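K.L.:
Please find one structure pasted underneath; my questions will follow.
Just so it is clear, none of the values below were taken in a lab; they were calculated from the coordinates. This one's a predicted model, so the numbers in the text were calculated from it and none came from an experiment. Using ideal geometry, Cβ is built from the backbone for each residue, glycine included, and neighbour counts are taken over all protein chains shown.
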Amino acid sequence: MNEQVNIMIMVDSIQALVDQRLDGNCFMVDDSRFFSKQKGTLHLDTQCIPGQLIHWTVKAVDVQTPVSIKQISFEPYQQIFNTTNVENLDALVWNGIVPYLGNKQQTYKYKVVLQIGKGKKSTLETFTPSLTILPPY
Amino acid sequence: MSQQFGIMVMIDVKSALKTRNLRDHAYLIDNMKDFGSQNEGTNALISKVSGTYWANGNQAGEEVMNWLAIDINDMPQTVQKPSYYTYFRAKTIENFLKKHLTNVSRSEQGDTNTNDTDDRQLDIKVSQQGFNSILEQLQDITNVAEGGLKTNTDSTKNIESDWPLVSLTGQLESGDIKVIQEENNYINLPPVITNITGEAVDLGIIYPAEYGSPNFITRGWYWCATVNTAKAGKYRYTMHITLFDLVIKDDQISWKPVQLTLDSHILISKDAMRNGFTGAGDSYLPIY
Amino acid sequence: MNYVNIKALVDVVAVLSNDQLDGNMYLFDTNKLQGSTKEGTSNLESAVQKNDQVLWSTYGLEVESYVKICDITVDETYLTKPKAEYYEGTNIQYWTSRVLKTPETTIPYSIQFEVGDTTTLFATKKGPSIKPVNR
């Protein structure tokens, strides 16, 4: 059974829409048993090891406002599965197993795109969170 | 989705009371317009609920619906984030009204827990022991039937309330009540949803329940339901709403409850859960 | 004195995400029996006659959202320039105007809102109107 690490993104939906940015209106936490950095900010760096399952979820601070994850991608930010035309973003589960990429500790920044409502100003993104894959024990 | 559905039932209470017709004077709006709800702002709202399920058939997400009935004629009383200092938060409609709640001086049987010696006074007094909830009084004159309250509209008992008689511009009314009634410049006791029934409930599509909340206009009660999204389709439900009509008897204000119903629909769709990275099952993270 | 009480319900998330007020703001009044039409839309036509007092106030659809009317622009042949007032003892506003002349036909007017915060402004483009009462 893969050990699961949960990363939770919390958003003040309305303020994010007003400011048209996630920075300052969004914070991230995880429950990794390793020492993750910058907990509570958008620069969260989640420490993990190969084989763990990472599970991302998002919640709006105001329960009557919507927010969904539209995309999570790592460099070069190409998606295998294009979510542009997915009608119900809540039918997507954002799970992935940490791959083994070598014996050195390495940090990988990733992009998160959130959708708040629908329309031309509904999509907001950040490039600042990251995963740090620790060498396997 | 983590989002809860909110359905506002906007009611032109005075017109509905005049015509005894709720359907022509109620307009429903939910917060799911961009996600598929239809006929926003009408009495024919169809609320879209997008359900999700796992490969083994189990429902994946919990969808929650909330209902609130509001009189179009009432002052805006929703909770607002203070736009500046918290000092101003104290200056909301709720706090203004709380200061002017009257003594609930007596019930029809006569009552002893009042400090007011002359309980025929019409002056609005500051309450000294808090106030009875409308629903407690409704319970006195109704049967608590299965799944909700049933008000007997032939009942001769009316609600006596500490709800202050306030004009449309928020001033406390004083003076000749008959004149106030004629001028129609007063806000009715707010409408209350007393039950939710119908096909959607009978089929186990929605599980409604009444919850306590600090929401002042509903006197601390609102209706909420969780949705079973296993069966896709369009389902009807009925809201039982009590409006309050101003009645003056012996120079005393009381409110006659008038129970009316209003139907609406929910439309359930369901999608299978898929992995957001692959579009299918779980795999390694796309890190290269 | 007859009062025509107009309520604006604003779907704050929809206005901000679509960057559009019309269609995401719903107007209602208490004068349907006298002839108001298009209740529940951004194009409410309120039936009024001379000496009626018109009131406007607003809510956000999302319970904790911020909405405020910051201006109402009318044809001043028919309505006095709308004024903002506070419900006594609160910092919640309403706007008020008196009908100077019964409109012969549908006369449009415009409402401007602060949506989400005090610096984000939206005004109706093809918005509400006043019209004559039923004969």
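K.L.:
Taking every pair of alpha-carbon atoms in segment A:26-137, what share in percent sits in each 10 Å bin, from 0 to the bin with the longest distance?
P.N.:
For segment A:26-137, the binned pair fractions read 12, 44, 33, 10, 1 percent.
K.L.:
Given points 7 Å out from each Cα along the Cα-Cβ axis, report the C:Leu33 to C:Asp19 separation in nanometres with one decimal.
P.N.:
4.5
K.L.:
Return an integer: the convex hull volume of the alpha-carbon atoms of segment C:65-135, in Å³ per residue.
P.N.:
Dividing the Cα hull volume of segment C:65-135 by its residue count gives 117 Å³.
K.L.:
What per residue convex hull volume, in Å³, do the alpha-carbon atoms of segment B:220-288 yield?
P.N.:
Expressed per residue, the convex hull around the Cα atoms of segment B:220-288 is 160 Å³.
K.L.:
Continuing with the same structure: Could you name the lysines in cross-link range of B:Lys234, using Cα to Cα under 21 Å and dropping any fewer than eight places away on the same chain?
P.N.:
Correct list for B:Lys234: B:Lys33, B:Lys48, B:Lys270.
K.L.:
Hey, what do the phi angles of segment C:72-84 turn into as Karplus ³J(HN,Hα) couplings, whole Hz, using 6.51/-1.76/1.60 and θ = phi - 60°, x for Gly and Pro?
P.N.:
Along segment C:72-84, the couplings run 10, 10, 10, 7, 6, 6, 9, 10, 5, 4, x, 10, 8 Hz.
K.L.:
Another question, then. What spacing in nm lies between the two simple spin-label points modelled at A:Asp19 and A:Lys118, each 7 Å away from Cα in the Cβ direction?
P.N.:
2.7
K.L.:
Can I ask one more? Need one number: convex hull volume per residue for chain C, Cα atoms only, in Å³.
P.N.:
Cα convex hull per residue, to the nearest whole number: 102 Å³.
K.L.:
For A:Lys70, list the lysines whose Cα falls under 18 Å from its own Cα; do not include residues on the same chain fewer than 8 positions away.
P.N.:
A:Lys59, A:Lys109, A:Lys111, A:Lys118, A:Lys120, A:Lys121
K.L.:
Want the number for B:Thr197 to B:Lys18: 0.36 nm per residue separation, take away the alpha-carbon distance, what's left?
P.N.:
In short, 61.9 nm is gained.
K.L.:
Per the Kirkwood definition applied to all pairs of different Cα atoms, how many angstroms is the hydrodynamic radius of segment A:70-111?
P.N.:
It works out to 12.5 Å.
K.L.:
Set the Förster radius R0 to 51 Å, insert the Cβ-Cβ distance between C:Met1 and B:Thr261 as r into 1/(1 + (r/R0)^6), and round the FRET efficiency to 0.05.
P.N.:
0.90
K.L.:
Give, in nm to one decimal, the length gained when the segment between C:Thr105 and C:Lys50 is fully stretched (0.36 nm per residue of separation minus the Cα-Cα distance).
P.N.:
Additional length available on full extension: 18.4 nm.
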